[in-house]
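As structure tokens, the structure follows; a few thoughts come after it.
Readers should treat all values here as calculations from the given coordinates under stated rules, not as data from a laboratory. Bear in mind the structure is a predicted one, so any value in this text is a computation, not a measurement. Reconstructed Cβ throughout: ideal geometry from the backbone, glycine too, with neighbour counts over all protein chains shown.
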Amino acid sequence: MEITVRDAVTVLHGMGFGAILLLGFSGAFFILYSSAFAGHPWTGRQRSVANGYLIGLAVLAWIAVLAGAYIVYPWYRAAPPPGVIDFADYPKRLLTASPLTSGWHDVGMEWKEHCAWFSPIALTAVAAIVIRYGGRLGAFPGLRNAVVALLALAFLSTGVAGFFGAMLNKYAPVRGGPEIVLMKSEGHG
Amino acid sequence: MADTSADPITNGPGAATVLAAAIGALTLGVLALLGDAFPKISAALNLWKPTGALSGVTDAAILVWLLAWFLLSRRWQARTVNMKAVNWTSVALFVVAAAFTFPPTMDLLQGK
């Protein structure tokens, strides 16, 4: 059982940073609900943990988009050298070579590569506002609603990026580079 | 220790953060559309060849976002602003930004 370095980095980008980020939104929504809507009293330590959680979520979003744009995307969009007819190592070219799959690039990747960036920007704004206003956010209903909307926007853009990322990697996986042997098979059955 | 504070605070800094995020997103959308429509702009946005024009689109959007955040925060530091206006303006900017990054809308606007 082996995996290439490019496979591993792509998995880390999508199933590591991206999936953990998506899971993390539930906690962020809970923090907002408890703190700014339900008005639960929080201790200073609880507030610090919540702030750390939101900062962590924003950092995760930044790592996900930066790794996607500056590590995985160059592998994805690399142009095959002249004469190459096997596009297995050139995912963009592989997808656009057929009208049946070109939409995954023309719509999926073209949208994902841009809209994914709404997530770290919105999450950074959410973290900054929650940290600044703390337990007093509930006293500013307009601002509180804006924070919820920013969090929802970040969730949606992460979802779009995650969905198309998974589908793109299904039809044209980013592969190549040195192989990493994860486990040696004993040749069962 | 409960999380209460007696420090006076206005909605200004929060509003600045919200509007700046929307301005950053709009910048990203506009640059993505312009880069798609005009090869010369796409070439100018190609700051790092392996990533292509996406590098310039996102770097510029981040710079505009941070600059807008800094300037609006300074301006609204101690002010109470009309949050309804800020929110609806931000919604409009985010909707336009999302539309400009959506390839079918990009194609429609370019008459493709």
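Taking other Cβ atoms within 10 Å as a rough exposure proxy, A:137, B:67 sort from fewest to most as B:67, A:137. Among residues other than residue A:177 with Cβ under 12 Å from its Cβ, the summed charge is -2 (Lys and Arg +1, Asp and Glu -1).
Taking a sphere under 10 Å around the Cβ of residue A:68 and counting the other residues whose Cβ falls inside, with K and R at +1 and D and E at -1, yields a net charge of 0. For residue A:14, neighbours were defined as the other residues whose beta-carbon sits under 13 Å from its Cβ, and their charges (Lys and Arg +1, Asp and Glu -1) total +2. Per residue, the average separation of C-alpha pairs within less than 8 Å and at least 6 apart gives chain A a relative contact order of 41 percent. Counting only whole DSSP H helices of chain A, the ones at least 24 Å long by C-alpha along their axis and with mean Kyte-Doolittle hydropathy no lower than 1.0 are A:44-67, A:141-171. Of the two radii for chain A, the radius of gyration is 1.10 times the Kirkwood radius, both from the alpha carbons; that is the Rg over Rh value. What the phi angles of segment A:70-75 give under the Karplus curve with 6.51, -1.76 and 1.60, with θ = phi - 60°, is a coupling list of 10, 10, 6, 4, x, 5 Hz, glycine and proline written as x. What do the square roots of 5 times the Cα gyration tensor eigenvalues come to for chain B, in whole Å, largest first, as semi-axes of the equivalent ellipsoid? They are 34, 16, 10 Å, listed from largest to smallest. Using the alpha carbons alone, the radius of gyration of segment B:20-72 stands to its Kirkwood radius in an Rg to Rh ratio of 1.02.
Here the mean projected area of the convex hull built on the C-alpha positions of segment A:37-109 is 8.1 nm². Peptide A:71-79 has a mean of 2 when you count, residue by residue, the C-beta atoms of other protein chains within 10 Å of its C-beta. Tell me the angle of helix B:12-37 to the major Cα principal axis of chain B, expressed in degrees between 0 and 90 and rounded to the nearest ten. Long axis of B:12-37 versus the principal axis of chain B: about 0 degrees. Take each residue in B:97-108, count the other chain C-beta atoms within 10 Å of its C-beta, and the mean is 4. Remark: mean inter-chain Cβ contacts per residue of B:81-91 equal 3, using a 10 Å Cβ-Cβ cutoff to other protein chain atoms.
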